[in-house]
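*Asks:* This is the structure I have questions about; it appears just below.
Nothing in this text is a laboratory measurement; each read-out follows from the coordinates by a stated rule. It should be emphasised that the depicted structure is a prediction, and the values quoted were computed from it without experimental measurement. Heads up, the Cβs are rebuilt from the backbone with ideal geometry, glycines too, and the neighbour counts pull from every protein chain shown.
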């Protein structure tokens, strides 16, 4: 009962994005570690509690500052081009309809939260994605755009000073770049967690494109780590083995 | 019949999913293993290609009219400005050993010259309160006093065919070559003053290049020579793998 779920363009851009995000975050953290603070020299910074505390090396990529900068400034093009291909596709192919926020999303999200918290028995009705999931997928490109713009702002603070000024100057642009990265990382980690904890059947669909709706979290009434196995398997008695 | 076909198919389906999950896991593991490494050697060519393309884009983005402006309310770094050199100790020009300090300007110029510090100070001077952009990510506000590079280029009659400028120092073999456009930007100065005082050895005395349009490492301190060139000449940090262009 498999149905087509992901167009090949979505699947390819998804996995390219995985590689690009991992390398951008890793090399970005290595660059950050060269000066793991936000304050201008001779000043204090209000809004980062870990000034001058480096990120653990094992979370970084690129080996050293210069190497990480080369990776960052090369991979940024992969990220941007890949993102544009994806956005152009979901726009032209109409799939943006499954992703843009709508009236009622907040209510539906609250129902999902209640369901995950065992305050509601049955899985809320949903379309392709549940309301929480949809919000997360919508926020990814939003924060991705913020990352790209703040990134350009700290790459060219003199030549494109108007853009840097838009984010409150170099120090703040660098801070928003970092904050947007943290948001993307949190969304990605939660996304991967939910794939394995709620809908592992969706993982093959990001390779093959096909998805079995009868195994969807809604069909299984699945919460994280609950009802992971298909319901029909429990409904039919095990066949006899002779 | 010892195996139920239906069951076999179901198990087969799950196996494939498991296979794919394991495949995904292996890819992730490969990434984790690659962490804190410099990444695959094979990527070097691609990274170099990207750097060349980025340099082209950065050159195209460059405008002489784009000026660095210090944010309102920003404080001078003062003694928080890091001092930095590559020699084992602070390089100090000793007249009794090396003779009087002179700035040698040569290469593709009509009138090669050697300027003493006094002569340099007699040239048109500006004081720019600007940002210092370090490759490490920090910034520092300082006021740099000196002679705009464009005045020096006019004085010596720099050739239109000179596309690069090399700034050389007496701090070991430290030097950095620049594209001519950045070198002639209005905010690029040969600085001999910092925050209203004469430059100290800690920050590049007697004179240094200072420009907010380049990252800190491009701004050669302890300046001795300015050479106008037809080709680029790398640089101390550029040769060790930092971007040659280093513009902001």
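*Asks:* Rank these for me by crowding, A:103, B:225, going from fewest to most other beta carbons within 10 Å.
*Replies:* Ascending number of Cβ neighbours within 10 Å: A:103, B:225.
*Asks:* Another one. Can you order the peptides B:162-175, B:103-116 by their average number of other Cβ atoms within 10 Å per residue, highest first?
*Replies:* Output ranking for B:162-175, B:103-116: B:162-175, B:103-116.
*Asks:* Continuing with this model, one more query. Within a 10 angstrom radius of each residue's Cβ in B:222-235, how many Cβ atoms of other chains show up on average? Whole number is fine.
*Replies:* 0
*Asks:* Continuing with the same structure: Looking only at other chains, what is the average number of their beta-carbon atoms within 10 angstrom of each beta-carbon in A:67-76?
*Replies:* 6
*Asks:* Against the longest principal axis of chain B, how steep is helix B:5-34, in degrees 0 to 90 to the nearest 10, with axes from Cα atoms?
*Replies:* 20
*Asks:* So how many Å³ per residue does the convex hull of the Cα atoms of the stretch B:165-248 work out to?
*Replies:* Expressed per residue, the convex hull around the Cα atoms of the stretch B:165-248 is 87 Å³.
*Asks:* Quick check on the exposure proxy: order A:199, B:94 from fewest to most C-beta atoms within 10 angstrom.
*Replies:* Arranged by neighbour count, lowest to highest, A:199, B:94 become B:94, A:199.
*Asks:* Just how far, in whole angstrom, is the stretch A:1-54 from the stretch B:168-183 if you go by their alpha carbon centroids?
*Replies:* 34
*Asks:* Does the stretch B:91-248 come out rounded, prolate or oblate by the C-alpha gyration tensor, with a ≥ b ≥ c the root eigenvalues, rounded set by a/c under 1.5 and, if not, prolate when a/b is larger than b/c and oblate if not?
*Replies:* rounded
*Asks:* Sorting check: for A:212-224, B:69-81, which peptide has the highest mean count of neighbouring beta carbons within 10 Å, and how do the rest follow?
*Replies:* Listed from highest to lowest mean packing, they are A:212-224, B:69-81.
*Asks:* May I have the extent of the alpha carbons of the protein assembly as shown along their three principal axes, as whole Å values ordered from largest to smallest?
*Replies:* Result, largest extent first: 103, 46, 42 Å.
*Asks:* Which whole number gives the average count of other chain Cβ atoms within 10 Å of the Cβ atoms across peptide B:157-168?
*Replies:* So the per-residue partner count for this stretch is 0.
*Asks:* Follow-up. Provide the gained length on full extension for the span residue A:229 to residue A:214, in nm with one decimal, where the gain is 0.36 nm per separating residue minus the Cα-Cα distance.
*Replies:* 4.3 nm
*Asks:* Would you mind pulling out the separation of the Cα centroids of the stretch A:147-203 and the stretch A:64-116, in Å?
*Replies:* 11
*Asks:* Output the Kirkwood hydrodynamic radius of the stretch A:1-113, Cα pairs only, in Å rounded to one decimal.
*Replies:* Roughly 17.4 Å, rounded to one decimal.
*Asks:* I would also like to ask the following. For chain B, find the longest principal axis of its Cα atoms and tell me its angle to the long axis of helix B:44-61, 0 to 90°, nearest 10.
*Replies:* 50
*Asks:* Going by a ≥ b ≥ c, the root eigenvalues of the Cα gyration tensor, does chain A fall in the rounded group (a/c under 1.5), the prolate group (a/b larger than b/c) or the oblate group?
*Replies:* prolate
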